[in-house]
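Enquirer: Here it is, the structure, as structure tokens.
The values are calculated or read from the model by the stated rules, or taken from the named source; none is laboratory data. Treat the numbers as computed from the prediction; the structure is a model and nothing was measured. All Cβ positions, even for glycine, are placed from backbone atoms using ideal geometry, and neighbour counts span all protein chains on display.
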Amino acid sequence: MTADELEQMDLGFKFTAELTHVVKNPVPLQPAKTENIANYHTFLISPGETYTYLKVMGKGYTFCDRFHVEQLWILT
């Protein structure tokens, strides 16, 4: 990859995934269905390094109305 090609590339992208988890035989206190929204933001730092920031927001869990989890993945 040349420097000119790297300059013209999009250096980041994002997408959202809506996920539903359904449990066929839930155990006591386990919800039968939960919903999550996962937001992915990926950044190209260099040709050999990418960062992905993930924020997952969940709802429908027992004892927890809503929550969110944040992760940073660094791939080199």
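Enquirer: Whether any residue in the stretch 45-55 is over 30 Å from Thr2 (Cα atoms) and either free of Cβ contacts under 8 Å to residues at least 12 places away in the same chain or out of contact with any helix residue (DSSP H, G or I) (no Cβ under 6 Å at 6 or more places or on another chain) (or both) is what I want to check. Before you say what the answer is, go through the steps one by one.
Expert: Keep residues of the stretch 45-55 that are over 30 Å from Thr2 (Cα atoms), which gives 55.
Narrowing the set further to residues that are either free of Cβ contacts under 8 Å to residues at least 12 places away in the same chain or out of contact with any helix residue (DSSP H, G or I) (no Cβ under 6 Å at 6 or more places or on another chain) (or both) leaves 55.
The answer is yes; a qualifying residue exists.
Results for (1) among the charged types (D, E, K, R); (2) farther than 17 Å from Thr16 by Cβ; (3) outside any strand (DSSP E or B); (4) at pLDDT 90 or above, shown as yes or no for each residue.
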site	(1), (2), (3), (4)
Pro28	no, yes, yes, no
Ile37	no, no, no, yes
Thr42	no, no, no, yes
Tyr51	no, yes, no, yes
Lys55	yes, no, no, yes
Asp65	yes, yes, no, no
Trp73	no, no, no, yes
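Enquirer: Could you list, in sequence order, the residues of the stretch 7-52 that are loosely packed, with under 10 Cβ neighbours inside 10 Å and either in contact with a Cys (Cβ under 7 Å, 6 or more places away or on another chain) or of a type in the set (Gly, Ala, Ser) (or both)?
Expert: Correct list: Ser46, Gly48.
Enquirer: Taking the stretch 33-67, which residues are touching a Gly at 6+ places or on another chain (Cβ under 9 Å) and not hydroxyl-bearing (Ser, Thr, Tyr)?
Expert: Lys33, Glu35, Asn36, Ile37, His41, Phe43, Leu44, Cys64, Arg66, Phe67
Enquirer: Something else: Can you run down the residue pairs with Cβ atoms below 7 Å, 6 or more apart or on separate chains, where the first is in the stretch 6-23 and within 24 Å of Gly60 (Cβ to Cβ) and the partner is assigned to a strand (DSSP E or B) and aromatic (Phe, Trp, Tyr)?
Expert: Phe15/Tyr40
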